[in-house]
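In what follows, a single structure is set out as structure tokens and then discussed.
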Amino acid sequence: MAGSELAVHAVTCQEVLDFYGVKIDRGLTSKQVDDQRSKYGPNKLDEQEKKSLWQLIVAQFEDLLVRILLASAMVSFALAYFDEKSREEGLTAYVEPLVILLILIANAFVGVWQESNAEKALDALKKLQPDHAHVLRDGTWQEIEAEDVVPGDLVEVKVGDKVPADMRVIKLNTTTIRIEQSQLTGESQSVSKEIEPVKEKDCVIQGKVNMLFASTTVSNGGCLGVVTGTGMRTEIGKIQDAVKDAAQDEEQTPLQQKLDDFGELLAKVIFVICAIVWLINYKHFFDPIHGTVLRGCIYYFKIAVALAVAAIPEGLPAVITTCLALGTRKMAKRNAIVRKLPSVETLGCTTVICSDKTGTLTTNEMCCQRLVLPTSATAMKVHVVEGNTYAPVGAIKDLKADWAKDKALHTFAKCGAVCNQSRLSVDGDGRYVRTGEPTEAAIMVLVEKLGCPDDAINKRCLQAPERSNADAMAFSKYWTSSCEKKATLEFTRDRKSMSVLCKDASQSGNVLYVKGAPESILERCTTVMLPDGTVEPLTNAGKKAVQDKMTDLAKEALRTLALAARFDLEPLSLNDYTGAEHKGHAQLSDPANFVKVETDLCFLGMVGIIDPPRQECKQAIQDCRVAGISVIMITGDNKITAQAIAQNLGILTSTENLARKSFTGQEFDALSEQAKVEVLKRIMVERDVEGAVFSRTEPKHKQIIVKILKQLGEIAAMTGDGVNDAPALKQADIGIAMGITGTEVAKEASDMVLADDNFSSIVHAVEEGRSIYNNMKAFIRYLISSNIGEVASIFFTAALGIPEGLAPVQLLWVNLVTDGLPATALGFNPPDLNVMQKPPRRKDDNLISGWVFFRYMVIGLYVGFATVGIFIYWYCFDISEDGHTLVSLTDLMAWGKCSAWEGFSAKPFLDLSFAKEPCSYFAAGKVKASTLSLTVLVVIEMLNAFNALSEDGSLIQMPPWTNPWLILACMGSVLVHFTILYIPFLAKIFAVCPLDVHDWTLVLNFSFPVIILDEIMKLFSRREQRRNRARGTGPLPSKVGRERKCTGCDEP
């Protein structure tokens, strides 16, 4: 802050004024303003340096797989350009490089669009800053732009104003001022401010009770303050700095890391295989069919490029994006709105949820949960009040109002309604919302639950699940209708109470209704009202009974308020008070007299208020524990309240470990770095027993906790709603903002937004994230096995020296179009029933285990064998109606020397004639054999998609119809393949031809064995798992194990 040389909150008002050289009656002079502005600059947050469009585009090409594809496209383009045959083929020669470039351009466009919309958190911070400020300069009050405020300015704020800068309170213009600063500190209710210095110099934000902070709102009263911090020197400016720092520390998601690792490994494998394929064909460079050695070299280089295209799963990024997008739709239905797609997968491996208390674990709606009423002069009875929102529905246990007899209940209800400035209303969605102080709203709701003597109103509204807006305060209106307010004695910190003087039609004169802190009210009570309305003296025994109940409520972390009344006001001459002209008005104009007025009170009762836990959160937290996820509450609220809520919800399971599991922000901050690490490590080790609580925290504490958790290898999710939460939301692996109460800053810094602000929605999202990851493993296995098959096909082709069976453009078609639909459909696999009974997977868990990789290597090798095998079969063994010429395998492997063969000729077929160039039978004439290879590849991959339904489950136990989308997708892929076979224009582009019934029989014969092969390996896998479990070395039970469930895995 500007006054960093001086702890402005710890010194007197005069010392602050002297420090800035400002007089309280004149403010700063124009010269002082200019000097301060040149020294500290304007009162605005720093502009974020934006990435240029070019920087965003370049960033999209930093991925290794993308670069390999780009390089292969450029090589293909160059080869096509310099090849003489390309002039004859025209544009079709450039199809392959153009398709690759279009893919990369589309990918870059999506990436640029996402990034250009991603960094709005800092812009949202600026929206919080007010536009104008009321300042005193040169002895004159002026309305100026908030940006022009400088340190030392005297600023006046009143109810409803946003505070323009950090300020030290100098003078109260009303008896009290209350500030709504929850978005900055996380406190569940507005905070009262004062002018006295704070004794502790080094205290948390919540402890600076004489400071107003930029962007907070005045909820009640008004004051004069001197500006002590502007722009980036304010508390909100510090948060912007923290958001920037956290953004720099952002790491890749576990999936992105795995895919990057996979990309690096694939790049190395591709390079090695391409080099091997090129080199083993060295002797073929000299074959006469190529014309020259250079052309032979280029021909086999093109085969190596084709192999690179085959090895890269071009469709993988698109399929992953589609799967994640589908996951976001499912999550949105469960009130979790995902802003950043990779977060869907990251949720699945979340190991710890750091949750805010107010509004997430609690309802953020203060409620009366206990009602204490006198039963005699020395006995009190506690009634449990049900309900945990502002909706006036919930029984008051053991209290059945008999309005004809319970006269004390009349007075209590009237006091609660009259001595209250809050209001209830029903919004368009039927939800009850309050205006005014939360604690007063809680008492108002209690009055609505009590009812009234009017049977008609009771019948219409009492405990009614729905009310019209006009009836939102039906009972409060009933009780206040007989009272006419004459004066309000506002709350002051010294007496800890407020009261309303009113003319009550049921009394002979005016009545003073009072509410406040029980210890303060009790000191001033001399009588107590019994249930029948009689008033008896309040003895020491009676006071002790009240104090005992007050202690009991405090143990439950309930905020207590007592209600009382004064009926005899004649000694104060206020019995007939009518207004300012009355002779007794002098006693009401000076707050110092309020204590005197509020004496000789009659005790009516007491309430226990709390922001109650959400009922559904208790089960959600238990689900987290079973799933191996730790829950840590991090709140700005006080320690006692935080612990009580945590114990109620099951975050803390005993009171014995509070010293090891509950810390304030200051207590944690005071620990050494190593001690902090040890504390969090112990909490993580004991996650299956209970979680932990951090109370009275500041933004820096949340960031420290998240940073250490990430250093310990944990995947941390952090919830938050306020501006103060933005840095930690950005720092966490998953930042989760509140949709209802969350500020724009928190939402923009987050990865996910909860539409209902409910902790249980996070647990649903984690469950969905785990299911999505399992499905992603299925389609990644499927795509990789397909690509291994394509690589094997090209490798076998090159190794045998036979003509190229699959062209690069055909491989691209398979990878992008025919593979894409089934891979996406695998994302619809039904979730495992026990997905939330397993612990989170580790960050370093492999996408593919060694055994699974071996299995798909075997499948891939078979794909290579089948595609090359059918190609050879057509040339060497297939006797079909088209009458094509058969050659020996030896001749086929030596096709490059065809021009040296004596008397070789090939019969014409498919309107192709080889009379002039018989050797073209192995080039243009391979169209049927190439089509058969391509079709076998497509059909095998469709069958392989069904194999991928379960990692180890047989198709007998997990049949294809368990995922009907996969059946539709495979049918769609085959239909798409039909279009390129039977539409002449497309057939020419992809160098294929139509197939007849004989050809399709061949395709099925070569394709179907992939099902049998995979079933045999799944059988071995299931038997090995069963043997391991028998020996006690297999996967752990579902509660603590890490294996993926598969239906029927135990059966042979």
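Assess whether C452 counts as being in the same structural domain as V535 (by the TED database) and in contact with a Lys or Arg (Cβ under 7 Å, 6 or more places away or on another chain). So C452 fails the test.
Where helices (runs of 4 or more DSSP H) fall wholly inside segment 962-1052, the ranges with 2 or more residues that are among the acidic types (D, E) and either surrounded by 18 or more Cβ atoms within 10 Å (Cβ to Cβ) or modelled with pLDDT of 85 or more (or both) are 1009-1031.
Any chance segment 398-414 includes a residue that's within 40 Å of the chain's Cα centre (by Cα) and either closer than 20 Å to S499 by Cα or not in a loop (DSSP other than H, G, I, E, B) (or both)? No, the conditions are met nowhere in segment 398-414. If you filter segment 806-819 down to residues that are open to solvent by 10 Å² or more (accessible area, probe 1.4 Å) and of a type outside the set (A, V, I, L, M), you find that the one that is modelled with the highest pLDDT is W813. Here S376 does not fit the description of being among the hydroxyl-bearing types (S, T, Y), open to solvent by less than 20 Å² (accessible area, probe 1.4 Å), farther than 21 Å from E616 by Cα and touching a Gly at 6+ places or on another chain (Cβ under 9 Å). Of the residues contained in segment 535-542, one or more are found to be surrounded by fewer than 15 Cβ atoms within 10 Å (Cβ to Cβ) and free of Cβ contacts under 8 Å to residues at least 60 places away in the same chain. Under the condition of being open to solvent by 10 Å² or more (accessible area, probe 1.4 Å) and part of a helix (DSSP H, G or I), the residues counted in segment 346-357 number 0.
Taking the listed residues G579, G628, the one that is surrounded by fewer than 18 Cβ atoms within 10 Å (Cβ to Cβ), part of a loop (DSSP other than H, G, I, E, B) and either in contact (Cβ under 8 Å) with a residue 12 or more places away in the chain or β-branched (V, I, T) (or both) is G579, with no other qualifying.
T527 passes every criterion in (1) among the hydroxyl-bearing types (S, T, Y); (2) surrounded by 13 or more Cβ atoms within 10 Å (Cβ to Cβ); (3) within 30 Å of P612 (Cβ to Cβ) apart from (3). Checking the structure you have, find out if any residue of segment 562-577 is in the same structural domain as R524 (by the TED database), under 37 Å from the mean Cα position of the chain (by Cα) and on the phi < 0 side of the Ramachandran plot. Looking for residues that are in the same structural domain as R524 (by the TED database), under 37 Å from the mean Cα position of the chain (by Cα) and on the phi < 0 side of the Ramachandran plot, one finds none in segment 562-577, hence no. The number of residues in segment 622-656 that are polar (S, T, N, Q) and over 27 Å from P699 (Cβ atoms) comes to 4. The C-beta contact set for segment 35-63 (first residue at negative phi and among the acidic types (D, E), second residue surrounded by fewer than 16 Cβ atoms within 10 Å (Cβ to Cβ) and modelled with pLDDT of 75 or more, distance under 9 angstrom, 6+ apart or interchain) comprises D46/D241.
Return the residue satisfying two criteria in turn: it lies in segment 451-476 and is of a type in the set (D, E, K, R) and touching a residue at least 24 places away in the same chain (Cβ under 8 Å), and of such residues it is surrounded by the most Cβ atoms within 10 Å (Cβ to Cβ). Looking at the filtered set, the residue picked out is R467.
Of A765, A717, A737, all but one fail to be open to solvent by less than 10 Å² (accessible area, probe 1.4 Å) and without any contact (Cβ under 8 Å) to a residue 40 or more places away in the chain; the exception is A737.
Kindly provide the set of residues from segment 358-369 that are among the polar types (S, T, N, Q), in a strand (DSSP E or B) and open to solvent by less than 20 Å² (accessible area, probe 1.4 Å), ordered by number. The answer is T362, and nothing else.
The values are calculated or read from the model by the stated rules, or taken from the named source; none is laboratory data. Treat the numbers as computed from the prediction; the structure is a model and nothing was measured. Please note: Cβ atoms are built from the backbone with ideal geometry, for glycine as well, and neighbour counts cover all protein chains shown. The area values use the complete protein model at the heavy-atom level, side chains included, leaving out ligands, DNA and RNA. Shrake-Rupley method; radii C 1.70, N 1.55, O 1.52, S 1.80 Å.
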